[in-house]
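The values are calculated or read from the model by the stated rules, or taken from the named source; none is laboratory data. Remember, predicted model here, so these are calculated numbers, not experimental data. Methodologically, a virtual Cβ is constructed for each residue, glycine included, from the backbone with ideal geometry; neighbour enumeration extends over all protein chains shown. With ligands, DNA and RNA removed, areas are computed over all heavy atoms of the protein, side chains included. Shrake-Rupley method; radii C 1.70, N 1.55, O 1.52, S 1.80 Å.
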Amino acid sequence: MEALEEVDERGHEEEEEDDILSDNELHDIQEQMALIEVTDTPGEMDRQVDFTSFPSSYTENSPKEQTLLNLAENFCRQYTHLYPDRESLFISPLNECGVEKFVCSTLRPTLLPYPELYHWEECARFVSEFVTMEPLNPEIELPQHLFSSYSILREQKGNCFDFSVLLCSLLLGAGYDAYCVSGYATREMCLMDETQETCPLLRTTQESHGASPAKPHKKYSVRPPRQLVSKFELEQVDKKEAKMQASRLKQLEEEEQRLANVEKPGPDRLYGRRIHCWVLVLAGKREVPDNFFIDALTGHAYETKDEHFLGIESLWNHENYWINMQDCRYGCKDLSFDLGDPVCWEFMLLSSVKPVLLIPGMMEDEDEEEEEDGENQVMQLPVSWVLPIVVTPKEFETRCPQGKKVLKYKKAKVEKWAPYLLEDGQVSCLTLYQDTGCSKELEVQDWFQHRKDKLDMRQQKRQFGVTTEYFSPGRIDALKVHTFRSLAPETERTMLFYSEARLDGLQKREEKPNEMMEIFQGRQDFLYYRHTLYGKRPKKVSIAGGPTEANPRPILKITERFHRNTEKSANEDVAERIFLITEDRIHVRCQREHDHITTSTWEFLKPVNLGEKGAHVMLSPETCISYQVEPLEKFTKQLYIYESLVQLQQGEQCAQEAVQKSEAEVLEILSRRAQEEANPQLTISIYDTERNQKSKEQRASQERAILEERQLRAVLELDYLAPYLAILGDPEKLTRLQAQQVKEDCLRDLKNRLIQQANLIQARFEKETQELQKKQQWYHQNQPSMNKEDEEAYLEYCSEAMFRIQILEARLNRHKELAPQKYMSLEDRLSKDPRLCEQLLSV
C-alpha cells in the first residue's frame, strides 16, 4: 500500500508540472470557451427531488458507511493502478440527494405481500411493466447517480441500473441467489429495442412428437389388394417431386435471407462499448438448475452464453462486490461464475458467507490460520440506507405508468392497460402485421378481464374476416368459443359449449346458411350427432296492416347418430336415423356387433294418415323395406312395423322441435352478444371498496350512524343545569321548589328546541315539494314547444330535487325517532342528578 501511495504522489507531481500554463495561454482558452454555446441535455439530475421527504440516511453517511466508502476508494485506487486500461468501477455512485453511497448498501432485499412476486418470472415482468426506461446519457459512460428503489417506484422511471437494483432486491427477498451485473451489451438490448425480436406471446414451446404407436395386427384382417403399378415409375415421380420441393425450399430460404438482410439494422459504431446493467441468478437456491441472466428492462431471461451480452466488468449483491478477472473477448460464453474462485473473480470484502475454496495442496493448518485471520478482518456491511420498498395493491394492479404501456416487436405490437381502465375491460392487445413497417394488419388478439359476459379473448383475422371469441365458464348459455364472420343470423359460424353445464349435453354447433350440425356428449339417450339440412325459404307476401308471422326455413333432412347401448341387442339399438321430411321417408341403421361386418337397415315410407286419431292405416310392402343380419319373426309382423313407425314419427317431431329450439337459441345468443358488446358491463368484487358502490354506500351509512351516535353522546354529556343554576346565583343547595322549577324549565326548553328543529325541517321539505310541483306544472304547460336541451335540464333538476326531498324526509323521520329518546334521556338524567335528586325525592 505504501508503494501504491508513493506512485500516486509521483503521478500527482508530474501532473501538476504538466498543468502549469502561461497567462496568455489561459486567456486564449477562456476566449475559446466563451464562444461555445452550451445546450441543455437531458441528464440524471433533471429529476426534481424533494430532500425534505427523505430520512437522514439519504442525506448523510454513518461512520460505518464512511469507513466502507474509504475501503471502496482504496480498492478502486489499487484496481486503477494494476489495470490502467480497464474502465472505472461502478462502486460508489451518488444517490438522489447527491450523497456518495456504496452500491451494495443500495440493495434492500424485500419480499412483497403478493404471491405472484414469489417467482422470478412475475418479479421481472412486474419491474419491466411498472417502470419506464430512460437510456443512459452518454451511452458509453457509467451513470453518476444511482437512485434508491423507493424513489424509482415513486417516480416509475429509471435507467438500466435502477431497473436491475429494484429487480435484484425483489429476487433476493424471494430467496434467489441474485446479483446486479455491470457490463456491456448490444445496442438493441441497451436501448430496449425489440423490433427485431419475436413477440413473447407468439413463442411456442417445441413439442417433441414421438413416433405413433403401431396398430395391433388383427388375425382375421383383410389383406389389401396388390397394386399393379411400376415401382420404378413411382421412384422417378418421387425423385422429381423431391427435386421440385427442394428448389422451392431453396427459393423460400433465399427470399427469407434477403428480407432478413434488408430488415437487419446497420452496424453499431459503439459496439462493445455500450454500458448496460442486468441481473444474474446463480443456480442452487430456489431449485434453480442453471445460471441465467435477466434483462430487467424487458423481463426476459437469457442463457449466460447469449450473444447479446458482450462483457462483464463487475457484479454485486447486498453482501459483497466482485470484479471479473476473465477475458471477455468472446463475450460471456466462456465465463465461469464460481465467485469463490480468486483466479476468475476478485472480491472486495471478506464475507462470512464466502464460498469454500477447494484448492489442492493446501494444508489444514493454513486453512485454520486463514480462517482465524479472516474472522478478525471481516467487514460487515451496514444496514441498507434505502427506505422500505412498498407497493400498494392499487399500484400493483395498475402496473404500467398511467395504466398503459406499448411494446413493439418484429411485425407485432403489444398494448397493455390496467384493469378497469377501459370501459370494455380490455387489458391487452396483440396486433400482428404483414410488414416490418407495421402498416397492414393481419391479426388482432384482445384480452379482457372482469367482464360480466365472461369474455376472455377475442381473435380477429383481418385477411379472412373471421372473429373468434373465447369465454370462461359461468355464462347462462354455457358458450365457450364462438367463431363467426358476422353477427347476422343464418350465416356461417361455429359455437363450442361447456357440455357439462348444459342439460342437453351440447358440445359443438356448426351453422351454415343451408345446414346446421350439432355434437353432443354424455346424453342419456346416447345421441351424439345431429345434422339438419334446410331448403330455400319461400317468398311470403305480407298483407298491409295484417299480422306479421314468422317465416322459418323449411327443414329438408335431419340426421341423428347414437352411441352403442349395451342394454339392447344390436338389431334393436339404433345407430343412425335419417328423416327425409319432404319425402316422408325414414332411414334407420342399427348398431353393429363386434363380430359382424354388416348392420341391419330399415327404410320406412310414412303413410298419409299416420298418427291421426281413429284413422285406418294401411301398410303395404313398400311401407317397410329392411335388411336383417339376424332375422327374427317379430321383425316381419305388421304390429311391430306400425309401432316402429309411430315411434319414429314421434322421434321426427322431437327432432324438429329440437332443431327449432336450437335456431331460437342461436338467435338469442346473437342478440345477447350484440347487447353485451354495445354496453359492456364489468364485475366488481365485494372486497373492492374503491369501485363497489354498494359497499361504499353501506360504509358511508355506517359512518353516519356512528357520527350521529357520537353527537348524541356528546349532547347527553353536556351540563344542562349550568345556565339555570347561574340564574339563581349558583347556590350550593336548592329548595324543593327551586329544584322542581329548574327541572321543568330545562325540559321545556329542550322540548321547544326539538319542536323548532322539526318545524324547520318540515318547512324546508314543504318548500322543496312546492317548487318541484311548480316546475312540473310549468313543464306540462310548455312541453310541446320545448327543445331537447330544456328537457334534459328539467330532468336533471327533477332528479336533484327528488334527491333533496328524500334527504329531508329521511332527516325528518330520523328526528321524530330521536326526539322522544332525547327527552326521556334528559328527564332520566335530571332525576338522577345529585344536585336535584335529594330535593325532588323529599316529601
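A compact table of results
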read-out: Test: residue in segment 660-676 that is touching a residue at least 40 places away in the same chain (Cβ under 8 Å) and of a type in the set (Ser, Thr, Tyr); value: yes
read-out: Only one of Leu707, Leu737, Leu772, Leu712 that is touching a residue at least 12 places away in the same chain (Cβ under 8 Å), in a helix (DSSP H, G or I) and closer than 30 Å to Met824 by Cβ; value: Leu712
read-out: Cβ-Cβ under 9 Å pairs, at least 6 apart or on other chains, segment 481-493 side of a type outside the set (A, V, I, L, M), far side open to solvent by 70 Å² or more (accessible area, probe 1.4 Å) and modelled with pLDDT of 95 or more; value: His482/Tyr470
read-out: Every residue from segment 730-757 that is surrounded by 14 or more Cβ atoms within 10 Å (Cβ to Cβ) and under 30 Å from Tyr797 (Cα atoms); value: Gln757
read-out: Positions within segment 58-80 being open to solvent by 80 Å² or more (accessible area, probe 1.4 Å) and in contact with a Leu (Cβ under 8 Å, 6 or more places away or on another chain), in sequence order; value: Arg77
read-out: Residue match in segment 764-779 (condition: of a type in the set (Phe, Trp, Tyr) and open to solvent by 100 Å² or more (accessible area, probe 1.4 Å)); value: yes
read-out: All positions within segment 265-296 that are exposed (fewer than 13 other Cβ atoms within 10 Å of the Cβ), in contact (Cβ under 8 Å) with a residue 24 or more places away in the chain and charged (D, E, K, R); value: none
read-out: Close pairs from segment 87-99: first in contact (Cβ under 8 Å) with a residue 12 or more places away in the chain and open to solvent by 20 Å² or more (accessible area, probe 1.4 Å), partner in a loop (DSSP other than H, G, I, E, B) and among the aromatic types (Phe, Trp, Tyr), Cβ under 8 Å, at least 6 apart; value: Ser92/Phe102; Cys97/Phe54
read-out: Out of Arg485, Arg462, Arg475, sole residue that is farther than 15 Å from Leu202 by Cα, buried (at least 18 other Cβ atoms within 10 Å of the Cβ) and basic (Lys, Arg); value: Arg475
read-out: Among residues of segment 413-426, those that are of a type in the set (A, V, I, L, M) and open to solvent by 20 Å² or more (accessible area, probe 1.4 Å), counted; value: 2
read-out: Within segment 154-194, tally of residues that are surrounded by fewer than 20 Cβ atoms within 10 Å (Cβ to Cβ) and under 23 Å from the mean Cα position of the chain (by Cα); value: 5
read-out: Sole exception among (1) open to solvent by 50 Å² or more (accessible area, probe 1.4 Å); (2) in contact with a Gly (Cβ under 8 Å, 6 or more places away or on another chain) for Glu139, by number; value: (2)
read-out: Residues that are basic (Lys, Arg) and assigned to a helix (DSSP H, G or I), drawn from segment 152-190; value: Arg154, Arg187
read-out: Of all residues in segment 398-412 being open to solvent by 50 Å² or more (accessible area, probe 1.4 Å) and within 17 Å of Ser128 (Cα to Cα), the one that is nearest to the chain's Cα centre (by Cα); value: Lys404
